[in-house]
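The values are calculated or read from the model by the stated rules, or taken from the named source; none is laboratory data. Quantities reported herein were computed from a predicted structural model and do not represent experimental measurements. We place every Cβ from the backbone using ideal geometry, glycine too, and count neighbours over all the protein chains shown. What goes into the accessible areas is simple: the full protein's heavy atoms, side chains included, and nothing from ligands, DNA or RNA. Shrake-Rupley method; radii C 1.70, N 1.55, O 1.52, S 1.80 Å.
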Amino acid sequence: MKRLIKGGTAVTPEGAVAADVLIEDGKIAAIGENLAAGSPDAEIIDAGGKILFPGFIDPHTHLEMTVAAGRTADDFATGTAAALAGGTTTVLDFAGQDKGVTLTQTLKDWHQKADGKSSCDYGFHIGLAEWNDETKKELREMPDEGISSVKLYMAYDALMLDDAQIFETLRLADELGMTVSAHCENGLVIDELIEKYRKEGCLTPKYHPLSRPAAMEAEAVNRFLAIAEQTGSTVYVVHLSTQRGLRACLDAKERGQKLYIETCPQYLCLDDSCYDLPDFESAKYVFAPPARKVPDQKAIRQAIFDGIIDTAGSDHCSFDFGSMKQKGRDDFSKIPNGIPGVETRPQLMFTETYAGLEGGLSYEDFSDLMSANAAKIYGMYPQKGALAPGSDADIVIWDPDWTGEITHDALHMNVDYSPYEGYPVRGRADEVLLHGETAYKDGAFVKKNAGHYVRRQTKQA
Ligand code: DUC
Ligand code: ZN
């Protein structure tokens with residue numbers, strides 16, 4: 001079946017151009033002027049005045065994840081549908097190992113959660129919780145499973161690796177051509193700070209950010225990058241949130257190290273005043289790293305404008321306020337960490353970075369930040385992340401002029417609140433195509449459950 005998108009501005013790898021986009025058999029067949037003449041049988045989609053972006057890619061989600069307090073509100077069915085509604089056509093979720101569970105089993109579990117239930121395309125990062133002979137053996141098998149990236153944690157007792165294990169992970173991942181990403185917070189010091197506040201009877205959510213200070217992000221970023229310097233690895237820092245952490249990244253870049261940096265909308269749109277809200281409302285904002293100070297927000301935004309930050313992940317990790325977040329009513333450390341964001345990420349990022357702002361991003365740069373860079377870093381390009389002949393026809397028809405505000409009622413995520421209620425936003429996805437077919441249009445789902453697993457290439461493949 002042929003479809004022709006007419007009248008839009010297509011954001012291609014060569015630049016944004018007024019052009020038709022012809023789709024055939026789920027792929028982009030051609031981009032150019034007046035393609036209708038050569039394809040009289042094509043179904044016409046009118047995109048007059050709209051921007052055509054390659055489907056957005058969210059490189060950082062936690063769907064159907066279980067933590068000590070229980071399970072996330074969104075599974076793959078609800079989370080990937082909500083992603084589509086926002087303009088995201090591929091998510092990379094963390095298939096996170098629990099201690100004692102093999103990587104093979106973890107991957108099998110994640111396929112069971114996602115296969116046949118996902119409304120957008122999806123891939124998995126393999127997340128490590130331990131490092132032993134079995135893990136090393138199994139990591140070697142991951143590229144054949146379409147996994148090209150490993151995630152490690154420097155915080156959380158149940159997950160964190162020590163420095164020697166990080167060093168070894170980097171060495172082996174390099175040999176396999178896999179990219180290593182890290183959650184950079186100094187978990188040991190954070191645990192001490194949490195214990196100190198608990199002993200002092202400081203138990204409200206206000207103490208969540210105080211127990212996870214900026215210095216502990218910067219220290220871990222610096223340590224991760226210093227270890228990567230020894231192995232010569234190119235690495236990826238997830239959810240960078242602070243000016244000090246950014247400084248550590250810039251120092252490494254100045255040393256000549258190659259690294260990728262991700263931030264998230266929450267580090268642009270929220271600041272630590274959200275921990276002063278009354279009536280336990282602040283629990284809605286308990287995520288890690290926490291919302292930071294206004295100068296951090298400014299530094300992160302400027303780093304996006306300067307092209308220093310490569311990607312924007314949502315770190316979508318949704319827990320209901322009415323039930324799950326209440327588990328920490330008497331002790332902030334028991335509030336499950338995470339906020340919903342897979343659906344709102346494109347709109348929030350567009351609002352915070354669009355070209356109308358001083359120093360704001362061109363459509364091409366926004367497309368790189370939201371799609372192409374993640375595709376390249378994680379081994380999916382140009383199947384994903386490009387409006388180009390031969391690429392998957394995952395296309396967002398974006399209205400750059402729409403303005404409104406975020407309301408939980410209008411969103412599709414399976415969670416009982418939005419941390420951005422009432423936040424003024426600009427731009428929205430009018431229509432979203434997955435594999436050339438309209439999956440979401442004008443506020444309604446047209447096609448669900450059509451998501452495929454994306455096998456990703458390692459750097460050597
Ligand atoms: N931080 C969160 O807020 N949620 C999931 C995991 C994480 O590190
Ligand atoms: Zn995360």
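So the values come out like this:
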{"quantity": "Out of Val415, Val446, sole residue that is more than 14 Å from Pro54 (Cα to Cα), modelled with pLDDT of 95 or more and surrounded by fewer than 18 Cβ atoms within 10 Å (Cβ to Cβ)", "calculated": "Val446"}
{"quantity": "Test result for Pro13, assigned by TED's automatic domain parsing to the domain that holds Ala393 and out of contact with any Leu (no Cβ under 9 Å at 6 or more places or on another chain)", "calculated": "no"}
{"quantity": "Residue identified as modelled with pLDDT under 95 and either of a type outside the set (Ser, Thr, Tyr) or away from ligand 1 (no atom under 16 Å from the Cβ) (or both) among Ala16, Ala47, Ala37", "calculated": "Ala37"}
{"quantity": "Pairs where the first residue, in segment 366-385, is among the aromatic types (Phe, Trp, Tyr) and the second is assigned to a helix (DSSP H, G or I), C-beta under 6 Å, 6+ apart", "calculated": "Tyr381/Ala375"}
{"quantity": "Number of the exception - Glu343 against (1) away from ligand 1 (no atom under 16 Å from the Cβ); (2) surrounded by fewer than 21 Cβ atoms within 10 Å (Cβ to Cβ)", "calculated": "(2)"}
{"quantity": "Boolean, Glu352 is within 12 Å of the chain's Cα centre (by Cα) and away from ligand 1 (no atom under 16 Å from the Cβ)", "calculated": "no"}
{"quantity": "Answer residue from segment 333-369, given it is among the charged types (D, E, K, R) and in a loop (DSSP other than H, G, I, E, B) and is farthest from Glu281 (Cα to Cα) among those", "calculated": "Glu358"}
{"quantity": "Inter-residue pairs, beta-carbon under 9 Å, first within 19 Å of Gly55 (Cβ to Cβ) and surrounded by 13 or more Cβ atoms within 10 Å (Cβ to Cβ) and in segment 351-363, second modelled with pLDDT of 95 or more and among the acidic types (Asp, Glu), 6+ apart", "calculated": "Thr353/Asp365; Leu361/Asp368"}
{"quantity": "Qualifying residue in segment 95-111 (condition: of a type outside the set (D, E, K, R), touching a Phe, Trp or Tyr at 6+ places or on another chain (Cβ under 6 Å) and surrounded by 16 or more Cβ atoms within 10 Å (Cβ to Cβ))", "calculated": "yes"}
{"quantity": "Residue selected from segment 279-311 under the condition under 25 Å from Asp93 (Cα atoms) and touching a strand residue (DSSP E or B) at 6+ places or on another chain (Cβ under 6 Å), by the criterion surrounded by the fewest Cβ atoms within 10 Å (Cβ to Cβ)", "calculated": "Asp310"}
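Okay, residues lined up against (1) of a type in the set (A, V, I, L, M); (2) open to solvent by 50 Å² or more (accessible area, probe 1.4 Å); (3) touching a Ser or Thr at 6+ places or on another chain (Cβ under 8 Å); (4) away from ligand 2 (no atom under 16 Å from the Cβ):
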site	(1), (2), (3), (4)
Tyr156	no, yes, no, no
Asp163	no, yes, no, yes
Leu170	yes, no, yes, yes
Glu175	no, yes, no, yes
Cys184	no, no, no, no
Leu193	yes, no, yes, yes
Cys202	no, no, no, yes
